[in-house]
Amino acid sequence: MATQQDSANNSDAEKRGGQPDPAPPNGTDTTELAAVAPKAPEEPVDGGTAAWLTLLGAWCCSFCSPGWINSVGSFQEYYANGPLDNYSSSTIAWIPSLQVFFLFGLGPIVGRLYDLYGPKPLLIGGSLLHVFGLMMASLARTYYQFLLTQGVVSAIGVACLYSPALAVISTWFVQKRGLAMGIMATGSSVGGVIFPIMISRMIRYNGYGWALRTAGFLILGLQIVAILTVRPRVKPVPRPMAFKRFLAPFSEFNFVLLLAGIFLLTFGIYIPLIFLALQALEQANVSTEMANYLIAILNAASLFGRLLAGIGADKIGRWNMFIIACALSGVSTLAIWIPADTEAIAIGFAVTFGFASGAFVSLVGALPISVSPPPEIGYRMGVVFLVISLPALTMAPTGGAIIESSSTGWRDVKIFAGVMAIAGSAVTLLSRWFYTDKKLIKAF
């Protein structure tokens, strides 16, 4: 009789999301989970006006948060040749590095606030901080002013936008969750195309101040749309979380493997983003204008990769799609970027790598969501983002040190990026292997 009941439960779970609900992690007290977990609400609708409006607002958040972060490299040349010309490039690089760090490093805090209060307070506060930081940065004149306004205040605002928008999508979509997250992730690609071109041209023709103010007004308008449309399907109920539940992700072997895989993958995915333009200038002899456009080309290709990765995730499983795409990113780095000593090959790598790596952004949040207890989704997704923040803060100096110490120029940093992407994919595959009871052929 119990077997029939279990089969019925699994059948219901498969109708909801294509796979049974994950079992509680090893060593987890099920009575404790029952104490913190609310009664299961009605099933996500996978569509409808409210769901698609929420996705629209989440897309706006994606455009204004990681989409904005994708443009921070546009300021490096201006700072180095303008108001901060008496500072070294490595010192100036702390401004964009801090922005990337805060985007991911505040993940556990932002995630826990989401679990307690939902997305609305975070979206309102984050929008105000993001816009205020940019407006103040438009008036900055000294290094510490640029660092505080753009590298800290605006960056904290950015961190409050992305995680809540990503988490709230999971409350509306299950069977179409991969597609929904893929659509949302295209926002950062569009932002990664529009912001660098807009900022570089406006600095040249209208000045730095108006470039920042224009970006701030654009972000403010889009975030008003997000605040009005993004809402959770189920109203959050603040509830205490035992201290050992905060430590639980670090005691679960499968989840620790996932964190290790994401850590390695971050180096493999972001090092080409940081160094592609510089490598093309120095090694492929492209023009300065073309080097600036390579990142826009990469982000444009990433848009299609993110969308198709989301569609594929609903067919073959989110973990499967993520691992395959990230492994292909590493292969493209080794096969195409290493010999990229001409403009044509550099453009080909930007297109290929951008398309393959799009799944990292669109699906990285879906992995912890699919294996976490519902009351801890925001926090555990934040833990994954925290792991991303550590290499995000150190990858630029790490890559620079490899280039400076290498006798073969750019080859070693390209090999490092490719190997890290493939190694990260392999470790994530191992985590998936344990989560699926050591089954390789399974939609997961």
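The values are calculated or read from the model by the stated rules, or taken from the named source; none is laboratory data. Small disclaimer: the values here were computed from a predicted structure and weren't measured. Every residue, glycine as well, gets a Cβ built from its backbone with ideal geometry; the counts of neighbours run over all protein chains shown. With ligands, DNA and RNA removed, areas are computed over all heavy atoms of the protein, side chains included. Shrake-Rupley method; radii C 1.70, N 1.55, O 1.52, S 1.80 Å.
Solvent-accessible area assigned to carbon and sulfur over the stretch 163-281 amounts to 72 percent, based on a 1.4 Å probe. Across the stretch 51-62, computed HN-Hα scalar couplings (Karplus, 6.51 cos²θ - 1.76 cosθ + 1.60, θ = phi - 60°) run 5, 6, 5, 4, 5, 4, x, 5, 4, 4, 5, 5 Hz from first to last residue, x flagging Gly and Pro.
The Cα-based radius of gyration of the stretch 143-241, divided by its Kirkwood radius, gives an Rg/Rh of 1.05. If you fit an axis through the alpha-carbon atoms of helix 208-229 and take the longest principal axis of the Cα set of the chain, what angle between them do you get, 0 to 90°, nearest 10? The answer is roughly 10 degrees.
In percent, what relative contact order does the chain have, based on Cα pairs under 8 Å that are 6 or more apart in sequence? Please report the intermediate quantities before stating the final value.
Details: 771 pairs, mean separation 106.6, N = 444.
Computed over the chain, the figure is 24 percent.
GNM on the chain, alpha-carbon springs under 10 angstrom: the most fluctuating residue among GLY330, GLY409, GLY378 is GLY409. Highest mean packing first, where packing is the average number of other Cβ atoms within 10 Å per residue, the peptides 209-217, 264-272 line up as 264-272, 209-217. Roughly what angle does helix 2-17 make with the longest principal axis of the chain, taking Cα atoms, 0 to 90 degrees, to the nearest 10? Relative to the chain, helix 2-17 is tipped by roughly 30 degrees.
Expressed as a whole percent, the proportion of Cα-Cα pairs in the stretch 311-444 lying more than 21 Å apart is 49%. At a probe radius of 1.4 angstrom, the accessible area of the stretch 189-297 per residue rounds to 46 square angstrom.
May I ask you to derive the FRET efficiency for ARG204 and PHE243 from their Cβ-Cβ distance with R0 = 56 Å, giving the value to the nearest 0.05? Let's see the in-between values first.
Values: r = 53 Å, r/R0 = 0.95.
The computed FRET efficiency comes out at 0.60.
Volume of the convex hull of the stretch 191-312 (Cα atoms only), normalised per residue: 208 Å³.
Report Rg(Cα)/(2.2 N^0.38 Å) for the chain, keeping two decimals. Rg over 2.2 N^0.38 Å, computed on Cα atoms: 0.96.
Scattering from the stretch 297-373 was approximated by placing one identical point on each alpha carbon and applying the Debye formula without solvent; log10 I(q)/I(0) at 0.12, 0.17, 0.24 1/Å stands at -0.34, -0.61, -0.99.
What ranking do 353-365, 135-147 get when scored by the average of other Cβ atoms within 10 Å per residue, highest first?
Values: 353-365: 27.7, 135-147: 15.9.
Listed from highest to lowest mean packing, they are 353-365, 135-147.
Against the chain, whose longest principal axis is taken from its Cα atoms, helix 288-316 shows a tilt of about 10°. Using a Gaussian network for the chain with springs between C-alpha atoms less than 10 Å apart, which of these wobbles most: ALA93, ALA180, ALA159? Looking only at ALA93, ALA180, ALA159, the largest GNM fluctuation is found for ALA93.
Just subtract the alpha-carbon distance of LEU334 and PHE250 from 0.36 nm times their residue separation and send over the number in nm, one decimal. Please report the intermediate quantities before stating the final value.
On the way: separation 84, 0.36 × 84 = 30.24 nm, distance 3.23 nm.
Result: 27.0 nm gained on full extension.
Please give the length that would be gained between ALA443 and GLU404 if that part of the chain were fully extended, namely 0.36 nm times their separation in residues minus their C-alpha to C-alpha distance (nm, one decimal).
Values: separation 39, 0.36 × 39 = 14.04 nm, distance 4.39 nm.
Additional length available on full extension: 9.6 nm.
Dipole size of the chain about its Cα centre, with +1 on Lys/Arg Cβ and -1 on Asp/Glu Cβ: approximately 720 debye, rounded to the nearest 20. Note that the stretch 360-373 has calculated 3J(HN,Hα) couplings of 4, 6, 6, 10, 4, x, 6, 5, x, 4, 6, 10, 10, x Hz, one per residue in order, obtained from phi through the Karplus relation 6.51 cos²θ - 1.76 cosθ + 1.60 (θ = phi - 60°); glycine and proline are x.
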